[in-house]
Amino acid sequence: QVQLVESGGGLVQAGGSLRLSCAASRSISVTNFVGWYRLAPGKQRELVAGSTTGGSTNYADSVKGRFTIFRDNAKNTVWLQMKSLKPEDTAIYYCNAAYPFGNYWGQGTQVTVSS
């Protein structure tokens, strides 16, 4: 069993920045993938940013150039740095970690961007 604990969400004005953190209870160096998803009202869950153990990253087109995912395997933590936030970025953001033995989710953290 793995616990993922997110933090860093909140209310921010458009154009502002936030950094989300996801702390894992087990080593993330053995994961196949870690990523951030978001769920907005009336929309489907979407992958915002992902990182593989091989070092590759991928981003949703809507956040490219504004969001950055980075990880510290020694701290078992993944971050999502979000800049130039837009009202359409408003959603609940979830951390996800795909271990060889299972797929795990955090509880979610609310990000609200006001116009």
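The values are calculated or read from the model by the stated rules, or taken from the named source; none is laboratory data. These figures come from a predicted structure and were not determined experimentally. Glycine gets a Cβ as well: all are built from the backbone with ideal geometry, and neighbour counts include every protein chain shown. Protein only, heavy atoms only, side chains kept; ligands, DNA and RNA dropped before computing areas. Shrake-Rupley method; radii C 1.70, N 1.55, O 1.52, S 1.80 Å.
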Note to self: When you check W79 against the structure, is it part of a strand (DSSP E or B) and either free of Cβ contacts under 8 Å to residues at least 12 places away in the same chain or in contact with a Lys or Arg (Cβ under 7 Å, 6 or more places away or on another chain) (or both), yes or no?
What the structure shows: yes
Selection over region 4-18 where residues are open to solvent by less than 30 Å² (accessible area, probe 1.4 Å) and either of a type in the set (V, I, T) or more than 13 Å from Y93 (Cβ to Cβ) (or both) yields a count of 2
Restricting attention to region 47-56, the residues that are more than 13 Å from V78 (Cα to Cα) and touching a strand residue (DSSP E or B) at 6+ places or on another chain (Cβ under 6 Å) number exactly 2
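Rundown of residues vs (1) within 15 Å of S29 (Cβ to Cβ); (2) of a type outside the set (S, T, N, Q); (3) in contact with a His (Cβ under 7 Å, 6 or more places away or on another chain), yes/no style:
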residue	(1), (2), (3)
S56	no, no, no
K64	no, yes, no
A74	yes, yes, no
T77	yes, no, no
D89	no, yes, no
Y93	no, yes, no
A98	yes, yes, no
Could you say whether any residue in region 20-39 is touching a Ser or Thr at 6+ places or on another chain (Cβ under 6 Å), of a type in the set (D, E, K, R) and open to solvent by 70 Å² or more (accessible area, probe 1.4 Å)?
no
Of (1) over 12 Å from I28 (Cβ atoms); (2) assigned to a strand (DSSP E or B), S51 fails just (1)
